Each structure stands twice: as structure tokens, then as C-alpha cells.
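The values are calculated or read from the model by the stated rules, or taken from the named source; none is laboratory data. Everything numeric in this text was worked out from a predicted model, so none of it was measured. Please note: Cβ atoms are built from the backbone with ideal geometry, for glycine as well, and neighbour counts cover all protein chains shown.
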Amino acid sequence: MTHRDLALASRGNSFPAGVGSLGVTARVGTRAEAWRRPRLRSAVARWCRLLSQRYGNPRHGNRSNPLDELVYIILSTRTGEAVFCGIYRKLKKEFPSWDDVRGRSVAEFHRILAPGGLSSLKAYQLLAIFSALRAEFGRATLAPLRAMPDGEAEGFLTSLPGVGKKVAKCVLMYSLGRQVLPVDVHTHRVAVRLGLAAKRRPDTSQDLIEAQVPPELRYGFHVNAVAHGRAVCLPSKPMCGACVLRECCPYPKNGKRSER
Ligand code: SF4
């Protein structure tokens, strides 16, 4: 059994049921296309239009090469933007190809990562990922994902050391242009308050929230909800009075009851 076979065989399919103030989601068999329901589709389209007008679908310096993007995302964990971008530039200068890392010691690789958070963990994780890719494809590359359907590509990515669904979906969305929806803490908070999910951890709500957003709106929903969650829909005191969604969000009326 190859690395990819193992990934596909072990791929979970959890999908919590029965949430959302719009009475949507999650009967087995309809989950992937919950967004087709007219009332939901209309509500989500309105949120996306308002958020897009406010934030303009920003990009975040993401990479078109999927392995570059995976490295970039891993470096960004618990590290400020200026620092992780600097580390990324140093790595690319030292290792123009990720195969060039082969033969270098962990300590040598770690030294470059050291200014960032969790640098030791990241060094081991990245080296393990490059090694797994060499075992699978003969070199450190994610280019073969371009020929895989979304589910297979996501399954492969989540089989790599330390790669979860959110990171996998980020690589698919930013680098491969796939219509998937990564759910980070900001996207999750906004989605919960809008009634798209119960208050569970973001990593258990990825498929649920994605299924309720039409494919063509997922990129905008993600990047604009991240901006909105950072600027207005704050964790403890959302600024509902200044929010572009205040007329169509149940949270100000229901308060914490919408975060059940
Ligand atoms: S109205 Fe309040 S809770 Fe709803 S999205 Fe806006 S800031 Fe968040």
C-alpha cells in the first residue's frame, strides 16, 4: 500500500448534524451540497456581497507552488508576518529547491527557523514532509496534486506529518485554485455567529461550514471573514453596531444563544 493509499484509506468524514439558525445542513447524503438550498444560498450570497464590498477579497502573499504554500503556512504558525516572511525568504535563498534540504542536518535547518515560534517542531515537521514526498513522488514536490480531484488531494495532504484539514484546504484554495473553504478561528467565529455552525472547534467544523457556502463564494467568504474577524467580529466584544452584516446577522438579537 502506498503512502497515498494509506492517506485515502484513513481519511475521516466527520460531519456534525443539525445546526444553523437557517435550519440548514447536514443530513447524511446531502451534506456536500447544503448550499443549494435557496434560503441559505440567498443569505450566504448577501453576506458575501457585503463582506466583499467592505474588505475586497484580499490576498495574503500566498504562493502558486503548492509545496511553497504548505511551507509558508507552516512557518506562519504562532509567528508574526514580518518574521515568518523573513524566514521563508531565507529558506528559499538557502534551498532554491526543497530537495536541496536533503543531506542537511536538522540543526542546520532549525537554525534558519529559530526566529519563529515552535521552530524545533516546525523543523522536524518540514523535514518529515519532504521525506514523505520523496518516498511518494521521488522528489519533494506537491505538483502531482494538480491532477487529483479535491477529495483525493485533501486526503493526501492530511496524511502528511502534522497537516490538518484547514492547512490542506488553504493549500488547495490558494495554490491550486480549488473551491474549498478553510476554516480558521476567525472564519469559524463569524460563521458560528451567522448560524452556520454550532460552537465546536474550527477543526471539526471544516466540512460543515464549507458545505453551506456555494463553491464560487468560498474564497471570498474565507478571506473576508478572516479580515472581519480580526477587525470587527472580535472574540469577546464584537462591534455589531459598526458591522456591515448587522441587519442580517442573528447574533446581536440572540447574543450568546446563537453560539450554542
Ligand atoms: S453583527 Fe456582530 S456578531 Fe454578527 S457578524 Fe457583525 S460583528 Fe459579528
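On the basis of being of a type in the set (Gly, Ala, Ser), out of contact with any Cys (no Cβ under 6 Å at 6 or more places or on another chain) and surrounded by 15 or more Cβ atoms within 10 Å (Cβ to Cβ), does Ala143 make the cut? Break it down stepwise before answering.
Working: of a type in the set (Gly, Ala, Ser): yes; out of contact with any Cys (no Cβ under 6 Å at 6 or more places or on another chain): yes; surrounded by 15 or more Cβ atoms within 10 Å (Cβ to Cβ): no.
Judged against the criteria, Ala143 is not a match.
Taking the criterion of being surrounded by 12 or more Cβ atoms within 10 Å (Cβ to Cβ) and near the ligand (Cβ under 7 Å from one of its atoms), the residues of the stretch 221-245 that qualify are His228, Val232, Cys233, Pro238, Cys240, Cys243, Leu245. Scan the stretch 98-135 for residues that are polar (S, T, N, Q), surrounded by fewer than 17 Cβ atoms within 10 Å (Cβ to Cβ) and touching a Ser or Thr at 6+ places or on another chain (Cβ under 9 Å) and the total you get is 0. Looking across Arg218, Arg201, one residue alone is more than 9 Å from the ligand (Cβ to nearest atom) and buried (at least 21 other Cβ atoms within 10 Å of the Cβ). It is Arg218. Looking only at residues of the stretch 246-256 that are surrounded by 15 or more Cβ atoms within 10 Å (Cβ to Cβ) and over 16 Å from Leu50 (Cα atoms), we find that the one that is farthest from the ligand (Cβ to nearest atom) is Pro252.
Scanning the stretch 109-120 for residues that are closer than 20 Å to Asp68 by Cβ and assigned to a helix (DSSP H, G or I) yields a count of 5.
In the stretch 202-260, of all residues being of a type in the set (Ser, Thr, Tyr) and out of contact with any Phe, Trp or Tyr (no Cβ under 7 Å at 6 or more places or on another chain), the one that is modelled with the lowest pLDDT corresponds to Thr204.
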